[in-house]
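Asker: Here you go, one structure.
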Amino acid sequence: MSAVDKAKNKAEELAGKAKEKVGQATGDRDTEAEGHKDQAKGNVKQAGEKIKDVFKD
């Protein structure tokens, strides 16, 4: 996994966590759900990169 991709995926995950917390704090369920979705998307991308690394070797 390239360091750049790993950093981008982690940033997306952290942004999702922040968005989820803002949604919880303001009572905005849409923002909270969107944040949760962003976290999941970042995690899936990280998993995909790890799988690519396994098959590289």
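The values are calculated or read from the model by the stated rules, or taken from the named source; none is laboratory data. Source: prediction; values computed, not measured. Reconstructed Cβ throughout: ideal geometry from the backbone, glycine too, with neighbour counts over all protein chains shown. Keep in mind that these areas ignore ligands, DNA and RNA; they rest on the heavy atoms of the full protein, side chains included. Shrake-Rupley method; radii C 1.70, N 1.55, O 1.52, S 1.80 Å.
Asker: Tally the residues that are closer than 11 Å to E49 by Cα and open to solvent by less than 60 Å² (accessible area, probe 1.4 Å), restricting the search to the range 2-20.
Answerer: Summing the residues that are closer than 11 Å to E49 by Cα and open to solvent by less than 60 Å² (accessible area, probe 1.4 Å) in the range 2-20 gives 3.
Asker: Still on this structure, I have one more. Looking at A25 and the list (1) of a type in the set (A, V, I, L, M, F, W, C); (2) over 25 Å from S2 (Cα atoms); (3) surrounded by 13 or more Cβ atoms within 10 Å (Cβ to Cβ), which single condition is not satisfied?
Answerer: Among (1) of a type in the set (A, V, I, L, M, F, W, C); (2) over 25 Å from S2 (Cα atoms); (3) surrounded by 13 or more Cβ atoms within 10 Å (Cβ to Cβ), the lone unmet condition for A25 is (3).
Asker: Does the range 29-36 contain at least one residue that is surrounded by fewer than 14 Cβ atoms within 10 Å (Cβ to Cβ) and either touching a His at 6+ places or on another chain (Cβ under 9 Å) or of a type in the set (D, E) (or both)?
Answerer: If we filter the range 29-36 for residues that are surrounded by fewer than 14 Cβ atoms within 10 Å (Cβ to Cβ), which is where we start, we get 29-30, 33.
Still in the running and either touching a His at 6+ places or on another chain (Cβ under 9 Å) or of a type in the set (D, E) (or both): 30.
Yes.
Asker: Sticking with this one: In the range 37-57, how many are without any contact (Cβ under 8 Å) to a residue 40 or more places away in the chain, in a helix (DSSP H, G or I) and either surrounded by 11 or more Cβ atoms within 10 Å (Cβ to Cβ) or not basic (K, R) (or both)? Explain how you work it out, then say what you get.
Answerer: To start, the set of residues in the range 37-57 that are without any contact (Cβ under 8 Å) to a residue 40 or more places away in the chain comprises 37-44, 47-48, 51, 54-57.
Cutting the leftovers down to in a helix (DSSP H, G or I) gives us 37-44, 47-48, 51, 54-56.
Next, only the ones that are either surrounded by 11 or more Cβ atoms within 10 Å (Cβ to Cβ) or not basic (K, R) (or both) stay: 37-44, 47-48, 51, 54-55.
The number of residues fulfilling the criteria is 13.
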